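Have a look at the structure below before the remarks.
The values are calculated or read from the model by the stated rules, or taken from the named source; none is laboratory data. Since the model is a prediction, treat every value here as computed from it, not as a measurement. Here the Cβ positions follow ideal geometry from the backbone for every residue, glycine too, while neighbour counts run over all protein chains shown. Remember, those area values only see protein heavy atoms, side chains included, never the ligands or the DNA or RNA. Shrake-Rupley method; radii C 1.70, N 1.55, O 1.52, S 1.80 Å.
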Amino acid sequence: SALLHDRPERIAPAVARLAGELRRDGRRVAVAYADCGTYGALDEVCRTEGLERLPGLHCYDLLAGPEAVQQLLEEEPGTYLLTDFLVGSFTRTVVAELGLDRYPELVGDYFAHYRRVVWLSEDPTPRLEAEAAAIAGRLGLPLTTLVVGRSRLERALGQLVEG
């Protein structure tokens, strides 16, 4: 579940559990997560279970490349990154999960140290562009859009599935 990103300590146990279930059903398993904040716990599950996972620290690396993400964060450490998925699901995956729908006054507490929003767009559409602008507006931050496409992600997924 994408919601596991809100509680990265739950990713590795969830992957281990699901991988076991899928293997008992005779299925081949690959892990479509980068490290995603598990600090190596997911790698340990992958080693133990003989699984491969997507490379990188997080999905941002998969979309824009680790060098580009590092450069963005070095330019401005207070960068809040968005993907197309996050833009489209922000109300559910961020607002509701952080309780901002019930306690909007917490926006300042959660996002006080951010200075900008950077949207790593795979496929910018007018709807997503409007939603990304609304998110940045809600956070009171300027928005920068970088069109990164899907080629890196598609290549990594292909290598994962072929491997």
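How would you order 15-21, 116-122 from highest to lowest mean count of nearby Cβ atoms within 10 Å? Intermediate results must be reported in sequence, preceding the final value.
Details: 15-21: 15.4, 116-122: 22.3.
Highest to lowest by the protection proxy: 116-122, 15-21.
Find the Rg to Rh ratio for the chain, where Rh is the Kirkwood radius over alpha-carbon pairs and Rg uses the same atoms. All intermediate terms of the calculation are to be shown ahead of the outcome.
Values: Rg = 16.9 Å, Rh = 17.1 Å.
Answer for the chain: 0.99.
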What helix-only [θ] at 222 nm does the chain give? Using -39500 (n - 2.57) per DSSP H run of at least 4, over all residues, to the nearest 500, the answer is -13500 deg cm²/dmol
Which percent of the accessible heavy-atom area of the chain goes to carbon and sulfur, probe 1.4 angstrom?
53
Given the options LEU141, LEU51, LEU106, state which has the largest fluctuation in a GNM of the chain using a 10 Å cut-off (strictly under) for Cα springs.
LEU106
Can you list residues whose amide H is under 5 Å from THR144's amide H, if they're 5+ apart or on another chain and H is modeled 1.01 Å from N?
VAL117, VAL118, TRP119
Helix 66-75 versus the longest principal axis of the chain: what angle, 0 to 90°, nearest 10, using Cα atoms?
30
Which percent of Cα pairs goes in each bin when the distances of the stretch 1-49 are cut into 10 angstrom slices starting at zero?
27, 57, 16, 0
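Please report the relative contact order for the chain, taking Cα pairs under 8 Å with a sequence separation of at least 6, and give it as a percent rounded to a whole number.
On the way: 200 pairs, mean separation 35.1, N = 163.
Relative contact order, the chain: 22 percent.
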Could you tell me the extents of the stretch 72-163's C-alpha atoms along the three principal axes, largest first, rounded to whole Å?
47, 29, 27
Solvent-accessible area per residue for the stretch 77-155 at a 1.4 Å probe radius, Å²?
54
Do any trypsin sites (Lys or Arg not before Pro) in the stretch 129-163 lie in a DSSP loop with no more than 16 other beta carbon atoms within 10 Å, and if so, which?
ARG150
Out of the stretch 28-91, which trypsin sites (Lys or Arg not before Pro) are coil in DSSP terms and have no more than 16 other C-beta atoms within 10 Å?
ARG28
